[in-house]
1. Here is a check on your reading of the model: is ALA48 closer than 23 Å to LYS170 by Cα, buried (at least 18 other Cβ atoms within 10 Å of the Cβ) and assigned by TED's automatic domain parsing to the domain that holds TYR145?
2. Among the residues of the range 106-131, write down those that are within 29 Å of GLU162 (Cβ to Cβ) and either out of contact with any strand residue (DSSP E or B) (no Cβ under 6 Å at 6 or more places or on another chain) or part of a loop (DSSP other than H, G, I, E, B) (or both).
3. State the number of residues belonging to the range 348-363 that are at pLDDT 85 or above and surrounded by fewer than 21 Cβ atoms within 10 Å (Cβ to Cβ).
4. Given the range 135-192, what helices (runs of 4 or more DSSP H) lie entirely inside it while holding 2 or more residues that are among the aromatic types (Phe, Trp, Tyr)?
5. Select, from GLU99, GLU52, the only residue that is within 25 Å of ALA131 (Cα to Cα) and in contact (Cβ under 8 Å) with a residue 40 or more places away in the chain.
6. Please give the number of the condition ASP451 fails out of (1) closer than 15 Å to TRP411 by Cα; (2) at pLDDT 95 or above.
7. Being in a helix (DSSP H, G or I) and either outside the structural domain of ALA55 (by TED's automatic domain parsing) or crowded, with 18+ Cβ neighbours inside 10 Å (or both), is that true of even one residue in the range 243-266?
8. Could you tell me how many of the residues in the range 29-77 are touching a strand residue (DSSP E or B) at 6+ places or on another chain (Cβ under 7 Å) and closer than 26 Å to LEU142 by Cβ?
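The values are calculated or read from the model by the stated rules, or taken from the named source; none is laboratory data. Since this is a predicted model, take the numbers as computed values, not measurements. Note that we place each Cβ from the backbone using ideal geometry, even for glycine, and neighbour counts take in every protein chain shown.
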Amino acid sequence: MEDKEIIGILDGLISKRVNESEIIEYKTNLFDKEMFGKYISALSNSAALLDEKRAYIFWGIEDGTFNVVGTSFEPFNCKLNGSNELLIPWLTKMTGDFEFEFRKIEYRGKNIIVLLIPAARWVETKFKGIAYIRIESQTTTLDKYPDKKRLLWKKLVQETFEEGNAATAKTEKDVLDLLDYASYYKFLNKRIPGNNRDIITMLLNEGCITNELSVSSVYNITNLGALLFAKNLEDFHGLSNKAIRIIKYKGINRLEAESDFTFPEGYACGFPRLLNVVKNMLPKKEVFENGIRTLRYAYPEIVLRELIPNALIHQDFMIKGQQPRIEIFDDRIEITNAGEPLIPTNRFLDMTPISRNEALARMMHKLRICEERGSGIDRVLDAIEKNKMPALVIKSEHSSVISSVYLYKSWNQLTKEDKINLCYQHCCYLFYLEQKVMTNQSLRERFNVKDMNHAVISRVISDTRKEGLIKGTAENAKKYIPFWA
């Protein structure tokens, strides 16, 4: 938080004469060191209870009168009584390395000290192992108020990654400079409002920003807002490693990369450009259709439009050091996102998708970037079937989900595993999307195998049954349905 934002908050508090409360404390000079830790715990827990992002202690402001008197308190070189130990390291140790921050500013010609106290996240904030709470402007132990303790725990476990802060204490101008808000209106075919206040209101309503305090024009940009609309994710500490990495290799392995770069823009505002970047790296050829020369790409565009957003909205943001990747090989595209799958990978078609990031999924759908159901796998399989491509392969490896789409392969180029995967997906496609059953004939047509070679298709069906992926119907053992049907 910059000094100008702190000054903006102070202006709001003093002009509106906001008294001490669950998240505000005014002091003139130093008080007992034990109270420091108790205040940090109490104010942090109270901020979480009130859905505020942080709480504050101001030194140099008189409580009740709001007179700006300044302070001689110097926390940065303050030592504990009878000891050479400095106050801040001691407080850090006693509160479990909690990320509070002292700031010194000049305000109306006076020295002011501010203690910024983040709201508790995931667990209660404690001092010497005890959790405290504010009751109006009084500090007491949380255990005395079991109802508040239950409510606090409920709020702590309910907070999602999307609700967390990507950037804090930003002015209205900062917000509009950092976020590509214009893309929101473009996706929805709406006119951009003529005044900034309406844009800020939209961002607040969509959960892209929050008020730092209701009495000030200072804002926090949420992880949701940054992930969707960041002009550059490098501007947001902690999210740069969630930008999409695109790698194009020579050949079918990772021995040599032709290009390797990170796409910097937010997932929503940058998606049209991301799609064009990826498409331009794919094999393509010019064809004449109805007398018009057009470019035809080796992969159906709908496959990219569905699998890329799907990977983004289902990633586990709690896993550090893994960014979403799009890897392009001569024979396939691999799209990777961090996180174990929440449903079995061979049930992505028929089972209702479960998203770790519901707010992100909801906004991506609202902006018409991804399908309402949340997966789009049915549309991917439809395109793969109609273009006679090998099966979509979805695997879970090393706490990641990898979706692989392959270029066309002839019958002789397919491995046994390829044939089993394709047989199963063809069976799922017919049953789930066409309300039909699979037969030897339908699979021959899918593989482009002549009728005289029906025996080789029978072997594929037999191999797939042995894997437990398909079964015969009750009426006819030569008609097949998925194992889950």
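1. Taking the combined requirement at face value, the residue satisfies it.
2. Within the range 106-131, ALA119, ALA120, ARG121, TRP122, VAL123, GLU124, THR125, LYS126, ALA131 qualify.
3. Residues flagged as at pLDDT 85 or above and surrounded by fewer than 21 Cβ atoms within 10 Å (Cβ to Cβ) within the range 348-363 amount to 2.
4. Filter on the range 135-192 gives 181-187.
5. Within the list GLU99, GLU52, the selection yields GLU52.
6. (2)
7. No - not one qualifying residue is present in the range 243-266.
8. Qualifying residue count, the range 29-77: 20.
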